[in-house]
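**Q** Below are the structure tokens for one structure; questions will follow.
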């Protein structure tokens, strides 16, 4: 068994739980979530609810990468690229447009997961390639 698989999959599931933990309150209690994060109230809340719903379904799409990343390589790669992209998406306004502090947290979480998962995925693929050549 690939030694990086034992690290990659649980971290994917941890990120899925993070996403769902954010998505469900965004869908059900959007004003409460905004208040908790010290973000300005949004009216109408349909846009935050929509973002929560999209994040929820995006997280479901990550399931195959959390179960069998070697079988679902494209899903795993796209998931890593998405985390890196979202990290930059949130950090950019914080650093360059006077965005709220919550954006820094969002960006660091996504970028952190993206970097860790990207490194693990690279090592996972590399070890699998070495194993395949030696078989």
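**Q** Could you check segment 124-135 and list, in sequence order, the residues that are touching a residue at least 12 places away in the same chain (Cβ under 8 Å) and over 13 Å from residue 73 (Cα atoms)?
**A** Residues satisfying the conditions are 127, 131.
**Q** If I ask for residues that are more than 26 Å from residue 35 (Cβ to Cβ), in contact with a helix residue (DSSP H, G or I) (Cβ under 9 Å, 6 or more places away or on another chain) and in a helix (DSSP H, G or I), which ones from segment 1-15 would you list?
**A** Answer for segment 1-15, where residues must be more than 26 Å from residue 35 (Cβ to Cβ), in contact with a helix residue (DSSP H, G or I) (Cβ under 9 Å, 6 or more places away or on another chain) and in a helix (DSSP H, G or I): 5, 7, 8, 9, 10, 11, 12, 13.
**Q** Going through segment 33-48 one residue at a time, which ones are in a helix (DSSP H, G or I) and buried (at least 17 other Cβ atoms within 10 Å of the Cβ)?
**A** Within segment 33-48, 33, 34, 48 qualify.
**Q** Still on this structure, I have one more. Residues to consider are 114, 99; find the one that is out of contact with any strand residue (DSSP E or B) (no Cβ under 8 Å at 6 or more places or on another chain), free of Cβ contacts under 8 Å to residues at least 60 places away in the same chain, over 20 Å from residue 69 (Cβ atoms) and surrounded by 13 or more Cβ atoms within 10 Å (Cβ to Cβ).
**A** Only one candidate passes the filter, namely 99.
**Q** Please work out if residue 120 is more than 21 Å from residue 41 (Cα to Cα) and outside any helix (DSSP H, G or I).
**A** Answer is no for this residue.
**Q** Still on this structure, please answer the following. Given the conditions (1) without any contact (Cβ under 8 Å) to a residue 24 or more places away in the chain; (2) crowded, with 17+ Cβ neighbours inside 10 Å; (3) closer than 30 Å to residue 2 by Cβ, which single one is not true for residue 30?
**A** Tallying (1) without any contact (Cβ under 8 Å) to a residue 24 or more places away in the chain; (2) crowded, with 17+ Cβ neighbours inside 10 Å; (3) closer than 30 Å to residue 2 by Cβ, residue 30 fails exactly one: (3).
**Q** Let me ask something else about it. Can residue 74 be described as loosely packed, with under 15 Cβ neighbours inside 10 Å and either within 18 Å of the chain's Cα centre (by Cα) or in contact (Cβ under 8 Å) with a residue 60 or more places away in the chain (or both)?
**A** yes
**Q** Looking at 18, 56, 89, 22, which is the one that is part of a helix (DSSP H, G or I), touching a residue at least 40 places away in the same chain (Cβ under 8 Å) and under 22 Å from residue 116 (Cα atoms)?
**A** 18
A short reminder: the numbers here are calculations on the coordinates, not readings from a lab. Bear in mind that the values here come from a model prediction, so they are computed numbers and not experimental data. Cβ atoms come from the backbone with ideal geometry, glycine included; neighbour counts cover every protein chain shown.
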